[in-house]
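Below is one structure; the comments refer to it alone.
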Amino acid sequence: MLSRPLQRFLDGVFLRISGGDAIRADEIRTRATGAFLVFIMASYIPLIAAVVLLVINRPQPVDEAAQSDQMSAVEAYATHFVDTYLKDPSNSAAIKQFYDGEVPASALPAGGRALRASSALPGVFLDGFQTYSVVVDAEIPKAANSASMVFIRLQVDISADPKNRFKAFTLPHARPDRPSGVPVELATTTLVAEDRPVFKTVYGFLSAMLTGQGDLAPYVAAGSSLTAAQPPRFTTMAIERVQTNSDLANAQDVPPKADGIEVTVRAVMQTASGVLMPMDFPLVMSVAGGHWQVDRINDAPSIVTPNDPGSTPPQTTNPTTTTTTPPPMYSSNTPEGS
């Protein structure tokens, strides 16, 4: 229903167009209304069709858990195939459970074994079939009946049919190391000074979690699932550097609010036997109750790629000058055997 003022306005327009003839004004209004409705319907149908096409062709969300599970299944299948092939190369019946092609006689000594899948990459997708190339680390005897083993790396090619059933379509073949990829850098490029609250918080957090020195609760978010290692695997800790992606983490004072701040800690952990282990700890931090806290270990830290024209390389520091002696309140020394 049109509002009364708009109705009067339209009546006046059509009456003026008709030259004051009320009957002709009604005819013009009827024709105009019909033409407008035809235009709306003509526009509406293509719009509906466009929306339907967009819905049909929209990208499907990536199910990362399902993808990870798929790759794990492919790796397990390839490892089992290589293990069967190496344990008894003459057992063609067992090999054909994995590979339907010809299995020629082999002089390879029996008794080899697969160790692990070291690399798995998707190949091509064709007519509902997805292929994968899997590199499996393995060992074979030096000679028949030899107890000495030789390391070998073998590649097998696996296909998954439209029902996601696996089958190898090549026999295992020797494969050197796959080339290394182009590296990326962590996006935490701002160096945090040792006297900043963030530095002290991450020190206390790692010390409590990994060496058992101090209580973890003051350093983690309320309700956090982070727990201290029991028993502690390390006796001492030294921090070489702390880096962040936000100037808030490098402030002299704790800011009123901060969320989702990424911090990366380079620390050197020492075991009870005296072994030193350099480690990087990507963390996500926030401010609550006027102090910094660790929300979680960051499983997806932000990166800077070589293709980013605006990226700057991370600041680097000399480890010999940045290894940190903790302040007395954050001493990480744990008595032996504790």
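Odds and ends about this structure:
- With respect to the chain, whose longest principal axis is taken over its alpha-carbon atoms, helix 197-206 is tilted by about 50°.
- By the rule of a C-alpha distance below 20 Å, with chain neighbours fewer than 8 residues away ignored, the lysines paired with Lys87 are Lys96, Lys142, Lys167.
- Net charge of the neighbourhood of Ala222, taken over other residues with C-beta under 15 Å away and scored Lys/Arg +1, Asp/Glu -1, is -2.
- The simple spin-label model puts a point 7 Å past each Cα toward its Cβ; for Lys96 and Ala22 those points are separated by 9.8 nm.
- Summing charges over neighbours of Ala168, with a neighbour being any other residue whose Cβ is under 9 Å away from its Cβ, gives -1 when K and R count +1 and D and E count -1.
- The length gained by stretching the chain between Arg165 and Leu126 to full extension, at 0.36 nm per residue less their Cα-Cα distance, is 12.5 nm.
- The Cα-based radius of gyration of the range 185-304, divided by its Kirkwood radius, gives an Rg/Rh of 0.95.
- For the range 10-57, taking Cα atoms only, Rg and Dmax work out to 17.3, 55 Å respectively.
- In the chain, taking the dipole from charged Cβ atoms about the Cα centre, the farthest positive-side position among Met279, Pro231, Gly12 is held by Gly12.
- Here's the picture: charge each Lys and Arg Cβ at +1 and each Asp and Glu Cβ at -1 in the range 148-212, and of Phe166, Gln155, Gly204 the one pushed furthest to the positive end of that dipole is Phe166.
- Glu194 sits with roughly 100 Å² accessible to a 1.4 Å probe, with DNA, RNA and ligands left out of the calculation.
- Accessible area expressed per residue, the range 74-200, with surrounding protein chains retained (probe 1.4 Å, Å²): 55
- Surface accessible to a 1.4 Å probe, per residue, for the residues of the range 10-57, Å²: 79
- In this structure, Val150 and Ala50 have a Cβ-Cβ separation that, at R0 = 41 Å, corresponds to a calculated FRET efficiency of about 0.05.
- Stokes-Einstein diffusion for the chain, with the hydrodynamic radius set to the Kirkwood value over Cα pairs and evaluated at 25 °C in a medium of 0.890 mPa s, equals 90 µm²/s.
- Accessible area of Leu121 in the full protein assembly, 1.4 Å probe (Å², nearest 10): 80
- In this rough spin-label picture, where each label sits 7 Å from Cα along the Cβ direction, the Ser43-Arg31 distance is 2.2 nm.
- Accessible area of the chain belonging to carbon and sulfur atoms, whole % at 1.4 Å probe: 58
- Formal net charge of residues neighbouring Phe129 (Cβ-Cβ distance under 11 Å; K, R +1; D, E -1): +1
- Centre separation in Å (Cα based) which lies between the range 223-275 and the range 124-198: 32
- Lys257 accessible area, 1.4 Å probe, all protein chains in place, Å² to nearest 10: 150
The values are calculated or read from the model by the stated rules, or taken from the named source; none is laboratory data. Treat the numbers as computed from the prediction; the structure is a model and nothing was measured. Glycine gets a Cβ as well: all are built from the backbone with ideal geometry, and neighbour counts include every protein chain shown. To get the accessible areas, we keep the full protein, side chains included, count just its heavy atoms, and leave off ligands, DNA and RNA. Shrake-Rupley method; radii C 1.70, N 1.55, O 1.52, S 1.80 Å.
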